[in-house]
Every structure is written in C-alpha cells, then in structure tokens.
Amino acid sequence: MQRIVVLNPKGGSGKTTIAINLASYLATRGQRPVLMDFDPQGSSVRWVKKRQPALPRIEAIAAFEKDSRTTRAFQLRIPEHATHVIVDTPAAVEPRQLPDLTRDAHKILVPVLPSDIDIHTCSRSIGDLLLVAKIRRDENRIGVIANRVRSNTLMYQALIRFLHTLGIPIVAIIRDSQNYVRGAELGVGVHEMKGSVARADVEQWGPLVTWLTGAADDTLTPRGTPSGGKLEPNGADPTEPAPQEPPTDSLPEVAAPPGAGVPAEDALAEDADGPPQPIAAQA
C-alpha cells in the first residue's frame, strides 16, 4: 500500500484538487484508493459522496472528525483492500505537526501557486520538511507541483525559476483549467471526463504518475516528451496565447468506466506546442 501526502500549510494552494484527481486516476486504473481528509472543510469527503454508483469506487475517511466513542486509531483504520492512501492535509499546519503527518509517507506532494505569497510559503514548507520532518533530499520523497499556472505570464516564469533553486523535483505542471472546478462539483476527476473535453488536462498528469509509480503510463504521455521520459525545459513563449477552455455554459460529460465498450473520443485539436511540460529540477 502506498501512502501519498498532499501538503502545503497555505490554504487555497489546490491540495484537495490534487488529492481527488489523483484518487480518480488510480480508481480508473483498477486500484482501490482511500482519501483521508484531515481538512476541517471536508471537501474530499463531500466529493466522494457526490460520486455516482457507476463510477469506480473511491473510499473516504473523515479524519477531521473527532468521535469520543471510539479510539483515534480505530477511526483512522485503513481498509484491508486499499492499494493507496491519499492524505489531504489541512491549512495552517504547524512545523511540529509535520513528523506525524508525513510518517510512513512514500511520497509527499507540495502544490504551489504562481504568486509571491505562495512562493514564499512553499520555500518555508520545503525547509520544514527537510529540517523538522527530517526528510532527506536523496530519498526522492518530496515533489513539487506547479498548480493553476498560465504559461504566458511572467509570474509563471518566476515560479519555475524559484522551484529550480529548491533542489526538489518539479513533478507536474498543472494548468489553470475549469475542468477541475466542474469535476469537483460533479464528483468526478479529469481522468473520468471524456477525452474531447479534458485531454489537455489528463496529459499533464503523465510525469506525476511516473514519479509516483516509477513507471510511465502511455495513455498519459504528453506530446513532446522525449523517449525515455526525460523532462526538458519548457521554453514557453510569454506571448503565447492562454490555453482555450471548454465553453462555460455546459458541464463536461463523464467518460464511461474502462471496459464499457465506448469508442475512443476524437483527439482534441490543440496548438502544436501543446500544454506546458514539467521541468527537471537541478541536482
């Protein structure tokens, strides 16, 4: 069983979005993920409750609730059939809490938004993980996700330059997309939406999945990634138009579960350059 912790003390960094969509990906691949929600807002638990019975099963544990009738260990027990536990941590986590939250974690994902405040918070969070939680860089357990980015902005370029200075791998660059908002409303992930709607978003999860599992998923391989999976600098043109979003007056259709016999969707026409690609961090 793999334990994945999504952590950033700053609220609004997209921790829940990353957690629920990772669970969605795993579930569509036949895994049995469990979302452990420590955030008092309970967003991950609500998302699971919105899911339709026909969708791949995802279980949730409301870790933010306190039940005096049972022990804490019993409340947080993991189902025996679980293949992955994805921990959605709360905002305002204090450094002294990090050792408990990250104990036994195989991977720790730190989403960061392209803003001055978020960059400062991310720097402090990485420092606390290294110094307080005693996680060593050579363990390759910490990965940074540049979240809600627009590649044609100067702030995006500043974020990438900053992330290179950390010596921590950038494991994904996730664009600012309304598909994540709609998915949260419907109880689905982008991996469960029809390809014609969410292909650009789904492709960006390829490097993250490779880092988490150690194996590439060919269905997620972004166009332009060299053979062998080595990530190259993006080189995005700051004048490049922002990616076009699907119309806002309609909700994305949910794709049928794998094996349902639904024909593959036609490829979504996109710019030749494709979505921005993650950049390998300097050693």
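The values are calculated or read from the model by the stated rules, or taken from the named source; none is laboratory data. These figures come from a predicted structure and were not determined experimentally. All Cβ positions, glycine included, derive from the backbone under ideal geometry; neighbour counts span all protein chains shown. Heavy atoms of the whole protein, side chains included, go into the accessibility calculation; ligands, DNA and RNA do not. Shrake-Rupley method; radii C 1.70, N 1.55, O 1.52, S 1.80 Å.
Below, the figures for the structure above:
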item	result
R0 of 41 Å, Cβ-Cβ distance residue 132-residue 52: FRET efficiency to nearest 0.05	0.50
Cβ-derived FRET efficiency at R0 22 Å, residue 140 paired with residue 104, nearest 0.05	0.90
Given 50/107; 10/50; 15/50; 107/134; 66/134; 107/194, the pairs whose alpha carbons are separated by over 23 Å	50/107; 10/50; 66/134; 107/194
Peptides 141-151, 51-61 ordered by average Cβ neighbours within 10 Å, highest first	141-151, 51-61
Global geometry of segment 45-204, whether rounded, prolate or oblate, following the gyration tensor of its Cα atoms and the 1.5 cut on a/c	oblate
Portion, in percent, of the accessible area of segment 39-175 that falls on carbon or sulfur, probe 1.4 Å	52
For segment 15-126: rounded, prolate or oblate by the Cα gyration tensor [a/c cutoff 1.5]	oblate
Protection proxy ranking, peptides 214-220, 20-26, 128-134, average beta carbon neighbours within 10 Å, highest first	20-26, 128-134, 214-220
Coil-residue trypsin sites (Lys or Arg not before Pro) of segment 71-118, DSSP, other Cβ within 10 Å capped at 12	77, 103
